[in-house]
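Heads up, the thing below is written out as structure tokens.
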Amino acid sequence: MPERKRQSSLARPGSSAEHPSPTREVDRDEPGTRARAPTIEELRITARAVAEEVALRHRDDVDRDARWPAETLRALADAGLMGLTVPSRHGGLGAGMAGLVAVCEELGKHCPSSALTLGMHCVASAVIAAKATADQAARYLGPIVQGRHVTTLALSEAGSGSHFYLPATSLQREGDGFVVDGRKHFVTNASHADSYVVSVAAQEEGPGSFSYLVVDRDAPGVAVGEGWRGLGMRGNDSRAVSLDNVRVP
């Protein structure tokens, strides 16, 4: 039997938008016209509604039980904010880091874990979008914008900590693809992400060189470790992620 893929943590039957989406103006009669990026104030209004109506209601449970804030992330998806940092050419809001800061500030007033989980998703989304191939845009950016895909950064390692430019995780060319080996630590959204943006040592480029690539959560050889109980922002689902001979096209 074919392997059954895991369902995204954002998936739910009968989902419908319940919160105001940032304004996007576009001339539907003019092909190729791009939507206007929302203003910072429009983003704040949308994020504030999610924070006050959803994040606040679940905040205590999220922190006490170290539980990933699924309800808030789904509400953010319903509000159209999961594609916050994806450029408009890929269908996103194109709000950039300033927009992300504004949204996370509103969320952080009521649930810091929600702000952190969205923040890591959006920064990873921006990294993917920076040099996305047509295939990557279809496989990752489209579902991200549609609120069906969670991504995150996988950078920190034992020994180098948050010095993402000094990864020990290796990348080797093999056939028409690559093989990744290594272990990442403190990966936010780890067990709920659908993909990881992984930093690797680009050995073919010489010592000290590094690169990034996208690894699917379902790829053979990917293993997510046990959660750890931190002192703050306990719902961010920070875990280790092991990559054992993982093939990437």
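The values are calculated or read from the model by the stated rules, or taken from the named source; none is laboratory data. Every value quoted in this text rests on a predicted model; they were computed, and no experiment measured them. Ideal geometry is used to build each Cβ from the backbone, glycine not excepted, and the neighbour counts take in all protein chains shown. All accessible areas refer to the heavy atoms of the entire protein, side chains included, with ligands and DNA or RNA removed. Shrake-Rupley method; radii C 1.70, N 1.55, O 1.52, S 1.80 Å.
Note on V101 and L231: the model spin-label points, each 7 Å out from Cα along the C-beta direction, lie 2.7 nm apart.
Quick one: with all protein chains in place, what share of the accessible area of region 123-207 is carbon or sulfur, to the nearest percent (1.4 Å probe)? It would help to have the intermediate numbers written out before the result.
Working: 2120 of 3860 Å².
Carbon with sulfur: 55 percent of the solvent-accessible area.
Here the spin labels are modelled as points 7 Å beyond Cα on the Cα-Cβ line, and at H163 and D60 they lie 4.4 nm apart.
Using a 1.4 angstrom probe, figure out how much accessible area region 59-127 has per residue, in square angstrom, rounded to the nearest whole. Don't skip to the answer; put the middle values down first.
Numbers: 2180 Å² over 69 residues.
Value for region 59-127: 32 Å² per residue.
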